[in-house]
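The block underneath contains the structure these notes are about, expressed in C-alpha coordinates.
The values are calculated or read from the model by the stated rules, or taken from the named source; none is laboratory data. Quick caveat: nothing in here was measured; it's all calculated off a predicted structure. Here the Cβ positions follow ideal geometry from the backbone for every residue, glycine too, while neighbour counts run over all protein chains shown.
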Amino acid sequence: MNMSECLYEVREPGIGLITFNRPDRLNAWTGRMGNEYFAAIDAAVADPNVRVIVVTGAGKGYCAGADMGTLQAIPSGDSASSQDGASIVEGRMQDEITRITKPVIAAINGAAAGLGLVQALMCDMRFAADTA
(Lines give C-alpha, C1' and ligand atoms only; values in the text may rest on other atoms or scores of the structure.)
Protein backbone atom coordinates (compact mmCIF):
# COMPACT_ATOMS: atom_id res chain seq x y z
CA MET A 1 0.00 0.00 0.00
CA ASN A 2 1.33 3.42 -0.94
CA MET A 3 1.07 5.51 2.20
CA SER A 4 1.79 9.20 2.24
CA GLU A 5 -0.27 10.78 5.04
CA CYS A 6 0.73 8.10 7.52
CA LEU A 7 4.09 6.38 7.21
CA TYR A 8 4.94 2.93 8.56
CA GLU A 9 8.31 1.31 9.00
CA VAL A 10 9.78 -1.46 11.08
CA ARG A 11 12.85 -0.46 13.03
CA GLU A 12 15.15 -2.81 14.82
CA PRO A 13 14.79 -4.29 17.29
CA GLY A 14 11.07 -4.99 16.95
CA ILE A 15 9.66 -1.46 16.75
CA GLY A 16 6.79 -0.66 14.40
CA LEU A 17 6.95 3.11 13.86
CA ILE A 18 3.84 4.92 12.61
CA THR A 19 4.32 8.58 11.68
CA PHE A 20 1.51 11.00 10.91
CA ASN A 21 2.89 12.74 7.82
CA ARG A 22 1.12 16.04 7.19
CA PRO A 23 3.58 18.40 8.88
CA ASP A 24 2.35 21.42 6.90
CA ARG A 25 -1.05 20.99 8.65
CA LEU A 26 0.34 19.90 12.05
CA ASN A 27 -0.69 16.38 11.01
CA ALA A 28 -4.40 17.23 11.08
CA TRP A 29 -6.46 14.06 10.67
CA THR A 30 -8.20 13.26 7.37
CA GLY A 31 -10.14 10.22 6.22
CA ARG A 32 -7.18 9.17 4.11
CA MET A 33 -4.86 9.47 7.11
CA GLY A 34 -7.28 7.37 9.14
CA ASN A 35 -7.33 4.64 6.49
CA GLU A 36 -3.53 4.66 6.29
CA TYR A 37 -3.21 4.70 10.09
CA PHE A 38 -5.41 1.63 10.52
CA ALA A 39 -3.59 -0.13 7.64
CA ALA A 40 -0.30 0.55 9.45
CA ILE A 41 -1.77 -0.70 12.74
CA ASP A 42 -2.94 -3.88 10.98
CA ALA A 43 0.52 -4.40 9.45
CA ALA A 44 2.24 -3.95 12.81
CA VAL A 45 -0.15 -6.30 14.58
CA ALA A 46 0.30 -8.98 11.90
CA ASP A 47 4.12 -8.76 11.90
CA PRO A 48 5.58 -11.23 14.43
CA ASN A 49 8.85 -9.26 14.42
CA VAL A 50 7.12 -6.15 15.79
CA ARG A 51 6.94 -6.22 19.58
CA VAL A 52 5.91 -2.60 20.21
CA ILE A 53 4.13 0.07 18.14
CA VAL A 54 5.19 3.72 18.43
CA VAL A 55 3.00 6.49 17.00
CA THR A 56 4.40 9.99 16.40
CA GLY A 57 4.00 12.99 14.13
CA ALA A 58 6.26 14.49 11.48
CA GLY A 59 7.41 18.06 12.02
CA LYS A 60 6.30 20.23 14.94
CA GLY A 61 2.95 18.58 15.66
CA TYR A 62 1.69 15.21 16.82
CA CYS A 63 -1.88 15.55 15.47
CA ALA A 64 -3.79 18.81 15.74
CA GLY A 65 -7.19 17.11 15.45
CA ALA A 66 -9.54 16.84 12.50
CA ASP A 67 -8.59 18.75 9.37
CA MET A 68 -11.23 21.48 9.34
CA GLY A 69 -10.62 22.14 5.63
CA THR A 70 -11.66 18.57 4.87
CA LEU A 71 -14.76 18.89 7.02
CA GLN A 72 -15.75 22.21 5.46
CA ALA A 73 -15.40 20.74 1.97
CA ILE A 74 -18.28 18.32 2.65
CA PRO A 75 -21.53 19.87 1.33
CA SER A 76 -24.16 20.49 4.01
CA GLY A 77 -26.43 17.49 4.43
CA ASP A 78 -24.12 15.17 2.51
CA SER A 79 -22.16 12.37 4.06
CA ALA A 80 -18.57 11.88 3.04
CA SER A 81 -17.85 9.08 0.63
CA SER A 82 -15.44 6.45 1.89
CA GLN A 83 -13.77 6.55 -1.51
CA ASP A 84 -12.83 10.22 -1.34
CA GLY A 85 -11.23 9.88 2.07
CA ALA A 86 -13.25 12.78 3.44
CA SER A 87 -14.76 11.09 6.46
CA ILE A 88 -12.70 11.27 9.61
CA VAL A 89 -12.95 7.63 10.76
CA GLU A 90 -14.31 5.27 8.14
CA GLY A 91 -15.88 2.26 9.80
CA ARG A 92 -13.18 1.72 12.42
CA MET A 93 -13.22 3.03 15.93
CA GLN A 94 -10.37 4.87 17.60
CA ASP A 95 -10.66 2.63 20.67
CA GLU A 96 -9.80 -0.38 18.52
CA ILE A 97 -6.14 0.14 19.43
CA THR A 98 -6.93 -0.44 23.12
CA ARG A 99 -7.57 -4.09 22.25
CA ILE A 100 -4.24 -4.69 20.53
CA THR A 101 -2.10 -7.22 22.38
CA LYS A 102 1.12 -5.36 21.57
CA PRO A 103 1.93 -2.20 23.53
CA VAL A 104 1.16 1.04 21.66
CA ILE A 105 3.14 4.14 22.66
CA ALA A 106 2.32 7.72 21.69
CA ALA A 107 5.50 9.78 21.25
CA ILE A 108 3.92 13.24 21.42
CA ASN A 109 6.30 15.70 19.81
CA GLY A 110 4.00 18.70 19.48
CA ALA A 111 0.37 19.84 19.29
CA ALA A 112 -2.16 17.14 20.17
CA ALA A 113 -5.76 18.35 20.13
CA GLY A 114 -9.22 16.96 19.50
CA LEU A 115 -9.03 13.72 17.54
CA GLY A 116 -5.24 13.72 17.88
CA LEU A 117 -5.47 13.89 21.66
CA VAL A 118 -8.08 11.13 21.68
CA GLN A 119 -5.78 8.96 19.55
CA ALA A 120 -2.90 9.54 21.98
CA LEU A 121 -5.11 8.75 24.99
CA MET A 122 -6.06 5.42 23.42
CA CYS A 123 -2.40 4.36 23.43
CA ASP A 124 -1.08 2.27 26.32
CA MET A 125 1.60 4.84 27.18
CA ARG A 126 2.23 8.45 26.28
CA PHE A 127 5.51 10.32 26.30
CA ALA A 128 5.53 14.03 25.49
CA ALA A 129 8.44 16.26 24.54
CA ASP A 130 9.03 19.27 26.79
CA THR A 131 8.05 21.44 23.83
CA ALA A 132 4.76 19.63 23.13
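Figures for the structure shown
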| item | result |
| --- | --- |
| The range 115-128, residues that are of a type in the set (Gly, Ala, Ser) and surrounded by fewer than 16 Cβ atoms within 10 Å (Cβ to Cβ) | Ala128 |
| Members of the range 1-44 that are in a helix (DSSP H, G or I), of a type outside the set (Gly, Ala, Ser) and under 15 Å from the mean Cα position of the chain (by Cα) | Pro23, Arg25, Arg32, Met33, Asn35, Glu36, Tyr37, Phe38, Ile41, Asp42 |
| Only one of Ile53, Ile97 that is at pLDDT below 95, crowded, with 19+ Cβ neighbours inside 10 Å and among the β-branched types (Val, Ile, Thr) | Ile97 |
| Residues that are modelled with pLDDT of 95 or more and farther than 16 Å from Thr56 by Cβ, drawn from the range 1-24 | Gly14, Asp24 |
| Close pairs from the range 58-76: first at pLDDT 60 or above, partner charged (D, E, K, R) and in a loop (DSSP other than H, G, I, E, B), Cβ under 9 Å, at least 6 apart | Ala58/Arg22; Gly59/Arg22; Gly61/Arg22; Cys63/Arg22; Asp67/Arg22 |
